[in-house]
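The values are calculated or read from the model by the stated rules, or taken from the named source; none is laboratory data. Keep in mind it's a predicted model, so treat the numbers as computed, not measured. Note that we place each Cβ from the backbone using ideal geometry, even for glycine, and neighbour counts take in every protein chain shown. For accessibility, only protein heavy atoms count, side chains too; no ligands or nucleic acids. Shrake-Rupley method; radii C 1.70, N 1.55, O 1.52, S 1.80 Å.
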Amino acid sequence: MSTDTTSDLTALLAEHERLREQVAQLDRNLARFRAIVEDTDLLITEVDANGLFTYVNPVAQRVFGYAPEECIGRSSLEFVHPDDLEYTQKAFIDWVQRHERAVTIENRVVHRNGQVFHMLWSITLHYDEQGQVQRATSIAYDIGTLHQLRSELRESRTMLQLVIDNLPQAVFWKDHELRFLGCNHRFLVDAGLSSVDEVIGKTDFEMPWKAQAAGYQEDDRAVIANGPRFNIEEQLTRSDGSTIWLRTNKVPLRRDGEVIGVLGMYEDITALKRQEEELRTFKLLVENAPDGIGIANTDLVLTYANPAFATMLGYSSLIGMKVPEITHPEDLDRLDAIARQVIQGGAPREMIRYLRSDGSIVTVQASALALHDGHGNLIGFASINRDITEQLQAEESLRASEQRNRALLNAIPDLMFLLTPDGVFLDYKADSSGDLILPPEAFLNRNVSEVLPPHLAEQVITNMEALKRTHEMQTYEYQVLINDQIRDFEARMVLSNNDVLVLSRDVTKQKRAERERQAMQEQIIQAQQAALRELSTPLMPIADGVVAMPIIGTIDTMRAQQIMEALLQGIAEHGADIAILDITGVKVVDTQVAGALIRAAQAARMLGAQVVLTGISPEIAQTLVHIGAEMREMVAKPTLQQGIAYALSRRVS
């Protein structure tokens, strides 16, 4: 073998070894990358051009409720919350149309068990040479906590404005032209004004401190141009002519990243200026703090303790004492753990017990931090201790109160049910009878639609929807069959935090008594109506073959029928051939009354009797003519006496 051949072979072997090492390195890198992807808490996915999963990491089990292999081939949109589906689809279409490559989106996904996760997706879209989407990779973050924080932030905005107005510091903000846009109450007091409207639009040159205005505006312009300025010590002339020292902080006021003005806050440090030294100021604040503040060296020997700390533990001074000496023996291990956390850079906030000088125990919420010198070396520890002994006692009292409340709750005779907003039974309390439609194991953790009779389930669901819509108590009544007996219940439904509370009272006895009372009332009413009918249509025989019926009051359809029935029955019963209808007591005769009289006369004629109408006043006569009433079936006489005379004369003849 020639030297050249040997050299070539050696080079090939070396190249082979190098390539083999590169492949091994790639395998190691691939394994490391796969481990990162598989072990991360983030959801990592890949979908094809149709949105079907081609890869998901194990986090899918926690978010979707399916193992990774179960997700492959399923649509990513299948897990999107129905209310977010249209929005998500539209966003994806917009990205593709704009040829976006890296995008983010927030939406909700639904776990297999119905649990909802709020997710933030960072998505990378991959296109082919023709610009068509080939696949998309994404990393999703569970932002449920962030979503909750956002809700709390919205709720706190109103409180924030209230807090600003109640700050002891003065707060103000100006536009780019250094005109005031707003302020808080403290600022108004210094300016001698009563409302923010009096400030808006003005400059410092129009305020009581116009003598210092030029310097203020110079600082404002510097802040707008160069950024925040803190701890500006300056003077201010108040509306009463007095001059105070301020410590002012100013920052650029930004909107969408653009500086639109200045936000400032100042505090009156006139007293602090008199003291001249910041250290004395700090010590004054610490000395008067309501919480116990202590500083210990690395051996946990106290080198400083403010009066509140000494008073808290019943000593005139704590300096020189070791922290373990004043710590409850059972909490020494916790004290060591706190020290270790602080040394490692933590700022723990723990509950710990101290021993007072008289041996009694005080429980505090302790916050600790490490103290370092200018070179970063640990020189000691500082702690702030808030006495929560009374708070814990109050909590214990609250627990006792809750137990009493539960006892009172058990004494209430009503049935009680606690349901989720979707209608799933969570808990219950039976009434004194202990009777239930179903045993607890048959309905707890099940939906009302599964366990209640259909009509009752529909009634419960309808009232739940109304309750969620109006947030007002819903009341309803229902009947159910219990122990072969139909029972009446009256229910009240209210919101209980995020759940629904239903109080149901058995009113079977009351309903039965009410029905019996109503039936009796109906019988009484019917008897009264019969008596009234007899009184409202009296018919009197005044001679052989002559009857008279005086009519008083208003005639409606029902009374007209009663008049006809009484008249015809009287004619038949007394064999009358003349019937006198006296309408002297009828004040109004309209078409309805006239028609009733005519029909009565016609019916009487069919029984062989003639009707004599008496008591017609001039007004009623005009009305009858005006409405065109046909009175040919009747004989009309002005008065009842004349009608009787006419009837008797006819009988004589």
Among the residues listed as Ile551, Ile580, the single one being touching a helix residue (DSSP H, G or I) at 6+ places or on another chain (Cβ under 6 Å) and either part of a loop (DSSP other than H, G, I, E, B) or open to solvent by less than 60 Å² (accessible area, probe 1.4 Å) (or both): Ile580
Could you tell me which of the residues Asp435, Asp422 is of a type outside the set (Ser, Thr, Tyr) and either surrounded by 13 or more Cβ atoms within 10 Å (Cβ to Cβ) or modelled with pLDDT under 85 (or both)? Asp435
Those residues that are surrounded by 14 or more Cβ atoms within 10 Å (Cβ to Cβ) and not acidic (Asp, Glu), I need them from the stretch 212-221; list them, please. Gln212, Ala213, Gly215, Tyr216, Gln217
Consider Ala191 against the criteria (1) closer than 20 Å to Thr248 by Cα; (2) surrounded by 17 or more Cβ atoms within 10 Å (Cβ to Cβ); (3) in contact (Cβ under 8 Å) with a residue 24 or more places away in the chain; (4) in contact with a helix residue (DSSP H, G or I) (Cβ under 7 Å, 6 or more places away or on another chain): it satisfies all of them except one. Which criterion is unmet? (4)
Among the residues of the stretch 336-346, is there at least one that is at positive phi and open to solvent by 60 Å² or more (accessible area, probe 1.4 Å)? yes
Lone qualifier among Val500, Val546 - being hydrophobic (A, V, I, L, M, F, W, C), closer than 30 Å to Ala457 by Cα and at pLDDT 80 or above: Val500
Could we say that Lys250 is over 21 Å from Ile388 (Cβ atoms), within 41 Å of the chain's Cα centre (by Cα) and at pLDDT 90 or above here? yes
The conditions are (1) crowded, with 16+ Cβ neighbours inside 10 Å; (2) touching a His at 6+ places or on another chain (Cβ under 7 Å), and Pro541 fails exactly one of them. Which is it? (1)
Are any residues in the stretch 249-266 open to solvent by 60 Å² or more (accessible area, probe 1.4 Å) and touching a His at 6+ places or on another chain (Cβ under 7 Å), and if so, which ones? none
Of all residues in the stretch 554-569, which are surrounded by fewer than 12 Cβ atoms within 10 Å (Cβ to Cβ) and touching a strand residue (DSSP E or B) at 6+ places or on another chain (Cβ under 9 Å)? none
Reported set for the stretch 55-76 where residues are closer than 15 Å to Phe117 by Cβ and surrounded by fewer than 15 Cβ atoms within 10 Å (Cβ to Cβ) is Arg62
Check on Ser194, out of contact with any strand residue (DSSP E or B) (no Cβ under 6 Å at 6 or more places or on another chain), closer than 21 Å to Ile244 by Cα and hydroxyl-bearing (Ser, Thr, Tyr): yes
Select from the stretch 178-188 the residues that are open to solvent by less than 40 Å² (accessible area, probe 1.4 Å) and in a helix (DSSP H, G or I) and list them in ascending order. Phe187, Leu188
Filter result (open to solvent by less than 90 Å² (accessible area, probe 1.4 Å) and among the aliphatic types (A, V, I, L, M)) within the stretch 456-480: Leu456, Ala457, Val460, Ile461, Met464, Ala466, Leu467, Val480
If you check Phe64 against the conditions, is it touching a Cys at 6+ places or on another chain (Cβ under 7 Å), under 16 Å from Val47 (Cβ atoms) and without any contact (Cβ under 8 Å) to a residue 60 or more places away in the chain? yes
With a cut-off of at least 3 residues that are among the small types (Gly, Ala, Ser) and open to solvent by less than 90 Å² (accessible area, probe 1.4 Å), name the strands (runs of 3 or more DSSP E) lying wholly within the stretch 81-177. 133-142
Tell me, please, whether a residue that is at positive phi, out of contact with any Gly (no Cβ under 8 Å at 6 or more places or on another chain) and open to solvent by less than 20 Å² (accessible area, probe 1.4 Å) can be found in the stretch 368-380. yes
Being out of contact with any strand residue (DSSP E or B) (no Cβ under 7 Å at 6 or more places or on another chain) and among the β-branched types (Val, Ile, Thr) is the requirement here; does Val189 meet it? yes
Out of (1) over 29 Å from the mean Cα position of the chain (by Cα); (2) at pLDDT 90 or above; (3) open to solvent by less than 60 Å² (accessible area, probe 1.4 Å), the odd one out for Leu392 is which? (2)
